[in-house]
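**Student:** The structure is given below, and queries will be raised subsequently.
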Amino acid sequence: MKYMLLITADTGPDATQNECSVEEWLSFDAAAKDAGVLVDSAQLADLTTATAVHVDSAGNRTITDGPFTESREVLGGYYVIDVPNLDVALDWAARCPGARDGGSLVVRPVAEF
Amino acid sequence: MTRRAAEGPETSVGSPVEAAFREEHGRLLAALVHRFGDLDLAEEVAAEAIEAALTHWPVDGVPSKPGAWLLTTARRRAVDRLRRDKTYATRIAVLQAEADRAEPAPRVEGGGLPDERLELFFTCAHPALPADERVALMLRCLAGLTTTEVARAFLVPSATMGQRIVRAKKKIRVARIPFRVPDAEELPTRLPGVLQVIYSIFTEGYAASSGPQLQRLDLAEEAIRLARILRSLLPGEREIAGLLGLLLSVHARRAARSGPHGEIVLLDEQDRGRWDRPMIDEGRALVVRSLTGGKPGPYGVQAAIAALHNEASGVEATDWPQIVALYDVLVGLAPSPIVAMNRAVAVAMRDGPAAGLALLAELADEPLLRRHAPFRTVQGDLLSRLGRHAEAADSFRRALELAGSEPEQDHLRRRIAAAEQQSGSAGPMAD
């Protein structure tokens, strides 16, 4: 069963600085790889580099600088892992450095067809 | 399959039979979930097996092992169904393979059926489910209540409760919430969630949040039954003993808590002769168990407070210093504005109403208490004891705006009237 771990960071003015070191991220990466659960992962480039595409019912394409998120929480990166159930997925999410220092992880099952 | 079968054992069956099936239902369901890893399938075949029993047993006699008969029948039906539906079968096979890989083999004790209800407890109370769905699932799956009964108990439309249960089951299936007992390391973090669900069910039974009745005894009794099952499954966990002790110590006063017309009777006015002594004794024994050895937990401490009330011959004879001391412990273990409020009441009984009122004043800005009717009631009570009747009436009026059940509202109207009369006669315009 595949789960996507969406890593969200708080970028608001009161946000606590994420104290996690590069080494901590590397060691989480290595742990997921060694356990054989890692399917894919990436860190997303800065939010200011994002572009939004919207296609209306007439097929017209609108491209804007975006996304215009209301909240100050921004998707910063993701992991896709393959594990037997939600509890195991939650364990991996809890080990991820992105879950600390004001950040959080949302765990979403990947739909199976 | 009839609608009734889909709903599980129904009230149309005779009461002792209904009770027996309700008792079997959770066990049967848990065994089937463990085997097939699918709650919907387990519910359907459990209901079919119970229906088959209702047809066959009156004719052929009750089998020597009713539980085993039900399980065998339900398993056969499930296997039939899986054979008919190949895609379903594939999915179940995958689930089962993963369940086998992730978990040890089922335990079988002393020749009886293995009892897998513990897995179901932890699944129903999984933190990934919203609180109201946890309560609904536990009543549905472990207490064996029908969706309609669960809806009635929580005064929501049957359709709403149905949706909650469907949503919870969908999340269990799609997000794959596992049917498993947490290991020893996880247990301390996961068990409080299970206890919380049982406690929530009891709380709604003890003081209904709305409706014509003050208490919903059936719901309180279901909570006690669930706590008893949980205790039998995890006899070493002292907080389960604490929770059961608390529920029994409070439930023992049920007959004295309301008057002949369903009105509220406060603790200081209750006829203590109507308290259930055997239940009090059982509660006290559990308190001792829950507080013996190691650090006490919040349910054990609350049970000890309830037991102290039960031991006193009256309000004046109550050991208030000891109760305040226990609240001090509780504030350290599980701090909350509600605990602080209850502690203030105990302090008022020990040191006088002014002392209690000062503590309440410190809590007035707590968001949780601003919308909490009992906070205003307690405040009004202490004010009236100090002779500040006009202010007391104001507090009771604010409580009335927030009050839930009809008996609670009636009680507050009487308190308002009494306080207004007192303040009138005490005021300059009295004559």
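The values are calculated or read from the model by the stated rules, or taken from the named source; none is laboratory data. Only a predicted model underlies this, so the values are computations on that prediction, with no experimental measurement involved. Heads up, the Cβs are rebuilt from the backbone with ideal geometry, glycines too, and the neighbour counts pull from every protein chain shown. Just so you know, the surface numbers come from the protein's heavy atoms only, side chains and all, with ligands and any DNA or RNA stripped out. Shrake-Rupley method; radii C 1.70, N 1.55, O 1.52, S 1.80 Å.
**Student:** Answer yes or no as to whether B:Phe36 is modelled with pLDDT under 90, more than 26 Å from the chain's Cα centre (by Cα) and within 22 Å of B:Cys124 (Cβ to Cβ).
**Tutor:** Details: modelled with pLDDT under 90: yes; more than 26 Å from the chain's Cα centre (by Cα): yes; within 22 Å of B:Cys124 (Cβ to Cβ): yes.
Considered against the rule, which asks whether it is modelled with pLDDT under 90, more than 26 Å from the chain's Cα centre (by Cα) and within 22 Å of B:Cys124 (Cβ to Cβ), B:Phe36 comes out as yes.
**Student:** Here is a follow-up. Please specify each residue of the stretch A:19-44 satisfying the condition of being surrounded by 11 or more Cβ atoms within 10 Å (Cβ to Cβ), more than 16 Å from A:Tyr3 (Cα to Cα) and in contact (Cβ under 8 Å) with a residue 40 or more places away in the chain.
**Tutor:** Hits for the stretch A:19-44 are A:Cys20, A:Glu24, A:Trp25, A:Phe28, A:Ala31.
**Student:** So which residues in the stretch B:134-154 are open to solvent by less than 10 Å² (accessible area, probe 1.4 Å) and either assigned to a helix (DSSP H, G or I) or of a type in the set (Val, Ile, Thr) (or both)?
**Tutor:** B:Ala136, B:Leu137, B:Met138, B:Leu139, B:Cys141, B:Thr146, B:Val150, B:Ala151, B:Ala153
**Student:** Out of all the residues in the stretch B:67-91, which are surrounded by 16 or more Cβ atoms within 10 Å (Cβ to Cβ), closer than 18 Å to B:Arg27 by Cα and not aromatic (Phe, Trp, Tyr)?
**Tutor:** Residues satisfying the conditions are B:Gly67, B:Leu70, B:Leu71, B:Thr73, B:Ala74, B:Arg75, B:Arg77, B:Ala78.
**Student:** Follow-up question, since we're still on this one. I'd like the full set of residues that are open to solvent by less than 70 Å² (accessible area, probe 1.4 Å) and either within 11 Å of chain A (Cβ to nearest Cβ) or in contact (Cβ under 8 Å) with a residue 12 or more places away in the chain (or both), limited to the stretch B:155-173.
**Tutor:** B:Met161, B:Gly162, B:Arg164, B:Ile165, B:Ala168, B:Lys169, B:Ile172
**Student:** On to the next question. Assess whether A:Thr64 counts as being among the polar types (S, T, N, Q), modelled with pLDDT under 80 and in contact with a strand residue (DSSP E or B) (Cβ under 8 Å, 6 or more places away or on another chain). Give the derivation first.
**Tutor:** Details: among the polar types (S, T, N, Q): yes; modelled with pLDDT under 80: yes; in contact with a strand residue (DSSP E or B) (Cβ under 8 Å, 6 or more places away or on another chain): yes.
So A:Thr64 fits the description; yes.
**Student:** With the checklist (1) surrounded by 15 or more Cβ atoms within 10 Å (Cβ to Cβ); (2) closer than 25 Å to A:Val37 by Cβ in hand, flag the one item A:Val110 doesn't pass.
**Tutor:** (1)
**Student:** Is it true that A:Ala111 is over 20 Å from A:Asp29 (Cβ atoms), within 13 Å of another protein chain (Cβ to nearest Cβ) and more than 12 Å from the chain's Cα centre (by Cα)? Walk me through how you get there before you give the answer.
**Tutor:** Numbers: over 20 Å from A:Asp29 (Cβ atoms): yes; within 13 Å of another protein chain (Cβ to nearest Cβ): yes; more than 12 Å from the chain's Cα centre (by Cα): yes.
Considered against the rule, which asks whether it is over 20 Å from A:Asp29 (Cβ atoms), within 13 Å of another protein chain (Cβ to nearest Cβ) and more than 12 Å from the chain's Cα centre (by Cα), A:Ala111 comes out as yes.
**Student:** Sticking with this one: Conditions first: (1) open to solvent by less than 30 Å² (accessible area, probe 1.4 Å); (2) touching a residue at least 24 places away in the same chain (Cβ under 8 Å). B:Gln270 passes all but one, so which condition is the exception?
**Tutor:** Exception for B:Gln270: condition (2).
**Student:** Applying the selection to the stretch B:123-137, what residues are in contact (Cβ under 8 Å) with a residue 40 or more places away in the chain and more than 11 Å from chain A (Cβ to nearest Cβ)? Show your work before the answer.
**Tutor:** From the stretch B:123-137, those in contact (Cβ under 8 Å) with a residue 40 or more places away in the chain are B:123-129, B:131, B:134-135; that's our starting set.
Scanning the stretch B:123-137 gives B:Cys124, B:Ala125, B:Ala131, B:Arg134, B:Val135.
**Student:** On to the next question. Look through A:Ala89, A:Ala58, A:Ala52, A:Ala93 and report the one residue that is on the phi < 0 side of the Ramachandran plot, surrounded by 11 or more Cβ atoms within 10 Å (Cβ to Cβ) and away from chain B (no Cβ under 14 Å).
**Tutor:** Numbers: A:Ala89 fails: away from chain B (no Cβ under 14 Å); A:Ala58 fails: surrounded by 11 or more Cβ atoms within 10 Å (Cβ to Cβ); A:Ala93 fails: away from chain B (no Cβ under 14 Å).
Of A:Ala89, A:Ala58, A:Ala52, A:Ala93, the one residue that is on the phi < 0 side of the Ramachandran plot, surrounded by 11 or more Cβ atoms within 10 Å (Cβ to Cβ) and away from chain B (no Cβ under 14 Å) is A:Ala52.
**Student:** Something else about it: Considering every residue within the stretch B:234-248, establish whether at least one is exposed (fewer than 15 other Cβ atoms within 10 Å of the Cβ) and within 30 Å of A:Leu86 (Cα to Cα). Write out each step before concluding.
**Tutor:** So the first thing to find is which residues in the stretch B:234-248 are exposed (fewer than 15 other Cβ atoms within 10 Å of the Cβ), and the list is B:235-236.
From the residues that got through so far, the ones that are within 30 Å of A:Leu86 (Cα to Cα) too are B:235-236.
There is at least one residue in the stretch B:234-248 that is exposed (fewer than 15 other Cβ atoms within 10 Å of the Cβ) and within 30 Å of A:Leu86 (Cα to Cα).
**Student:** Moving on to the next point. Only residues in the stretch B:315-330 that are in contact (Cβ under 8 Å) with a residue 12 or more places away in the chain and closer than 17 Å to B:Leu246 by Cβ count as the first member; pair them with residues that are outside any helix (DSSP H, G or I) and open to solvent by 30 Å² or more (accessible area, probe 1.4 Å), Cβ under 8 angstrom, at least 6 apart or cross-chain, and list the lot.
**Tutor:** Filtered contacts from the stretch B:315-330: B:Val329/B:Pro296.
**Student:** Let me ask you something else. Of all residues in the stretch B:174-191, how many are open to solvent by 20 Å² or more (accessible area, probe 1.4 Å), within 8 Å of another protein chain (Cβ to nearest Cβ) and not β-branched (Val, Ile, Thr)?
**Tutor:** Pass one, the stretch B:174-191, residues open to solvent by 20 Å² or more (accessible area, probe 1.4 Å): B:174, B:176, B:179-181, B:183-190.
Narrowing the set further to residues that are within 8 Å of another protein chain (Cβ to nearest Cβ) leaves B:174, B:176, B:180.
Of the ones still in play, those that are also not β-branched (Val, Ile, Thr) are B:176, B:180.
Residues in the stretch B:174-191 being open to solvent by 20 Å² or more (accessible area, probe 1.4 Å), within 8 Å of another protein chain (Cβ to nearest Cβ) and not β-branched (Val, Ile, Thr): 2 in total.
**Student:** Related question: Of all the helices (runs of 4 or more DSSP H) wholly in the stretch B:230-309, which have at least 2 residues that are within 30 Å of B:Cys124 (Cα to Cα)?
**Tutor:** Details: elements: B:238-251, B:254-257, B:277-291.
Correct list: B:238-251, B:277-291.
**Student:** Taking the criterion of being under 23 Å from B:Gln379 (Cα atoms), out of contact with any Pro (no Cβ under 7 Å at 6 or more places or on another chain) and among the aromatic types (Phe, Trp, Tyr), would at least one residue in the stretch B:275-292 satisfy it?
**Tutor:** Applying the first criterion (under 23 Å from B:Gln379 (Cα atoms)) to the stretch B:275-292 yields none.
Checked the stretch B:275-292: no residue is under 23 Å from B:Gln379 (Cα atoms), out of contact with any Pro (no Cβ under 7 Å at 6 or more places or on another chain) and among the aromatic types (Phe, Trp, Tyr).
**Student:** Here's a follow-up. Any residue at all in the stretch B:265-287 that's closer than 25 Å to B:Arg190 by Cβ, among the β-branched types (Val, Ile, Thr) and at pLDDT 95 or above?
**Tutor:** Start the filter on the stretch B:265-287 by keeping residues that are closer than 25 Å to B:Arg190 by Cβ, which leaves B:286-287.
Checking the rest, the ones that are also among the β-branched types (Val, Ile, Thr) come to B:287.
Pick out the ones that are also at pLDDT 95 or above and you get B:287.
Yes; the residues of the stretch B:265-287 include at least one that is closer than 25 Å to B:Arg190 by Cβ, among the β-branched types (Val, Ile, Thr) and at pLDDT 95 or above.
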